[in-house]
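> The following block contains the structure, expressed as structure tokens.
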Amino acid sequence: MARNRAPSPQTCAVLLALAAQPQAWRYGYDLMGETGLKSGALYPLLIRLSDQGLLESEWRPSVLAGRPPRHAYRLTAHGMAIASALPRPAASQISEQPA
Amino acid sequence: MINSLCARLLDHAARVMPGPRQTWLNAMHGEFAHIKNPLAAIAFALGCVQASYLQRIRDMMIFALITRWVLAAYALFCAGAYLLATALLGAIKATPQIKPEDLGTDPGTTESLSFIQAYPAWQLAVFVPIAGLLVMGAIQLVRRKRSALTLLASGAAIAVLLAVLDLSRAGGSDWPLAMSTGWLIPIIALALVWWLSRRAPDLKPA
């Protein structure tokens, strides 16, 4: 049963960070730095956004020799529509605590 | 040593992460390989473990959903039992002329009647707020409110306190404490499962 609830602050932060550069492929570690989220919070969120069709991903070769490829992400058209409807925060202070 | 610790953490994350999510585990591994700072690497690896457990819990969300309703139903059942006990014991205490044979012919009826008549009235009165807390906790649980566990825990704590007081009272219950409070075990177990499922921030919908 789907319930319409407002996105969590963490979700908003990730969507807005991705929407800031809609055509660019972003890496997880970069998103962590930009949103202030730790990996334990970010990756489950990315997984859920991907499951909901808001996020697309691809593997990109590493620029560093001998390193494994990196998973990169950007919003789908549906994700961009959702992100566009979000209010922009005046100051981004992201709490790690669950709402 | 740090590399070894991180490797162990990532191995553990790999064991916990559900099979269909292995691509995401590989994604985290890929990012980890590009982190230079050792402390940041440990923090990232710990986050991978957390993410894996959250995914494992998410796969069990149906159990969390069932848990919430089962816990609420069980809390209501316990509340009903307390209210029934209040009514029955109160009626017996209010009838001083009652005799053991009025309650039945089972062995031990005389001792049971003595116990009930000697049971402090104020302790009996506390049964009602215990039931009230359990009912409110059940309602808040159905409404997915954070106060649910506090209310249930308060009701359970007062019940345990009463059981302990009763044990220490002369002429009090001769039941072991475990028997007096055994009904709490399902509440504690179910509440713990539900609380764990609530801790996952990603389990909230977008």
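The values are calculated or read from the model by the stated rules, or taken from the named source; none is laboratory data. Just so it is clear, the structure is predicted and the values come from calculations on it, not from any experiment. Glycine also receives a Cβ, built like all others from the backbone with ideal geometry; neighbour counts cover every protein chain displayed. Ligands, DNA and RNA are excluded from the accessible area calculation, which covers all protein heavy atoms including side chains. Shrake-Rupley method; radii C 1.70, N 1.55, O 1.52, S 1.80 Å.
> Give me the pairs, please: first residue somewhere in region B:138-149 and of a type in the set (Val, Ile, Thr), second residue anywhere and surrounded by fewer than 19 Cβ atoms within 10 Å (Cβ to Cβ), beta-carbon distance under 7 Å, and either six or more positions apart or on two chains.
Between residues of region B:138-149 that are of a type in the set (Val, Ile, Thr) and residues that are surrounded by fewer than 19 Cβ atoms within 10 Å (Cβ to Cβ), there is no close pair.
> For a quick check of your reading of the model, give me the residue pairs whose first member lies in region B:56-69 and is of a type in the set (Asp, Glu), whose second is modelled with pLDDT of 75 or more, with beta-carbon atoms closer than 7 Å and at least 6 apart or on different chains.
B:Asp59/B:Pro18
> Right, another one. Can you name the residue in region B:94-105 that is open to solvent by 60 Å² or more (accessible area, probe 1.4 Å) and part of a helix (DSSP H, G or I) and is also nearest to B:Ile116 (Cα to Cα) among such residues?
Ranking the candidates gives B:Leu103 first.
> Report yes if some residue within region B:143-158 is surrounded by 13 or more Cβ atoms within 10 Å (Cβ to Cβ), assigned to a helix (DSSP H, G or I) and modelled with pLDDT under 85; otherwise report no.
No; the residues of region B:143-158 include none that is surrounded by 13 or more Cβ atoms within 10 Å (Cβ to Cβ), assigned to a helix (DSSP H, G or I) and modelled with pLDDT under 85.
To keep it simple, each residue is scored yes or no on (1) at pLDDT 90 or above; (2) touching a strand residue (DSSP E or B) at 6+ places or on another chain (Cβ under 8 Å); (3) surrounded by 14 or more Cβ atoms within 10 Å (Cβ to Cβ).
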| site | (1), (2), (3) |
| --- | --- |
| A:Pro7 | no, no, yes |
| A:Lys38 | yes, no, yes |
| A:Arg60 | yes, yes, no |
| A:Met80 | yes, no, yes |
| A:Pro89 | no, no, no |
| A:Gln97 | no, no, no |
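> Same structure, new question: Please name all residue pairs, on different chains or six or more residues apart, with Cβ atoms under 9 Å, provided the first residue is in region B:107-118 and is of a type in the set (Val, Ile, Thr) and the second residue is at pLDDT 80 or above and surrounded by 15 or more Cβ atoms within 10 Å (Cβ to Cβ).
Close Cβ pairs (under 9 Å, with a partner that is at pLDDT 80 or above and surrounded by 15 or more Cβ atoms within 10 Å (Cβ to Cβ)) amount to B:Ile116/B:Leu89; B:Ile116/B:Ile92; B:Ile116/B:Lys93.
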